[in-house]
Amino acid sequence: MSPGHLPLDVEYRRLSRDGEVMSGTVPMVRLGRLAEQLLSADQQVEVELGFYLRRKRPAVIGRASVTVELTCQRCLEPMALTLDVRIDAMIVGTEDALVSLEAHEDGIVCEDKRISIADLIEDDLLMDLPISPRHEQCAEVYVTNFRSVDEDEGLDRPEVNRPFADLAVRVADMKAKKKDV
């Protein structure tokens, strides 16, 4: 492990009991699901994590930050986007233990003694990705290209054949004639 790189996994119970804080980087290639969404995975995620006990349970709080390269969904050109997320979660041993957490608390299930740093940060980074990424200058492209109704008045419109347009008038005339008879 080179200086500044965080380990693959940590003993979260010991770190929480001792109130440990760690910071460093995690290679993007360790975050497989996130890396799949990007144009390249050669970035380093800057991570700061503090472990502590909350209601006698292991918990982690911190942040993760990285600038990623995505494809703009309007112009299809590469674009840079900075993801900066806050991490705040309880670490529980089973899926059933998630139910006991308060409604506002996030939980991470770890059945082992060690938890992957990637597991602690990847979901929050994924949720920070936009559904349809686009450059700022591309955001309003289509909205500004619409014509207003007033601009359309001078356009030559083809004549539309409406075979039933006068049907309502003819039916009304027929009803009026029947009443007269």
Could you please give the count of residues in the stretch 120-134 that are among the charged types (D, E, K, R) and farther than 17 Å from ARG30 by Cα? 2
Contacts under 9 angstrom Cβ, first residue in the stretch 121-139 being over 18 Å from GLY62 (Cα atoms), partner part of a helix (DSSP H, G or I), 6 or more apart: LEU129/LEU34
Of the criteria (1) out of contact with any Pro (no Cβ under 6 Å at 6 or more places or on another chain); (2) at pLDDT 90 or above; (3) within 15 Å of ASP119 (Cβ to Cβ), which one ILE91 fails: (1)
Within the stretch 76-86, identify whether any single residue is in contact with a Gly (Cβ under 9 Å, 6 or more places away or on another chain), on the phi < 0 side of the Ramachandran plot and not polar (S, T, N, Q), and answer yes or no. yes
For the stretch 1-20, how many residues meet the condition of being under 28 Å from the mean Cα position of the chain (by Cα), closer than 16 Å to ILE115 by Cβ and either of a type in the set (Ser, Thr, Tyr) or in a strand (DSSP E or B) (or both)? 3
Name the single residue, out of those in the stretch 34-55 being among the aliphatic types (A, V, I, L, M) and not in a strand (DSSP E or B), that is nearest to PRO78 (Cα to Cα). LEU39
Just wondering, is there one or more residues in the stretch 27-50 that are surrounded by fewer than 16 Cβ atoms within 10 Å (Cβ to Cβ) and within 20 Å of GLU111 (Cα to Cα)? no
Taking SER40 as the residue in question, decide whether it is under 20 Å from SER116 (Cα atoms), among the polar types (S, T, N, Q) and in contact (Cβ under 8 Å) with a residue 24 or more places away in the chain. no
Would you tally the residues in the stretch 72-95 being touching a residue at least 12 places away in the same chain (Cβ under 8 Å) and either exposed (fewer than 13 other Cβ atoms within 10 Å of the Cβ) or within 16 Å of ASP42 (Cβ to Cβ) (or both)? 10
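The values are calculated or read from the model by the stated rules, or taken from the named source; none is laboratory data. Since we're looking at a predicted model, the values are computed, not measured. All Cβ positions, glycine included, derive from the backbone under ideal geometry; neighbour counts span all protein chains shown.
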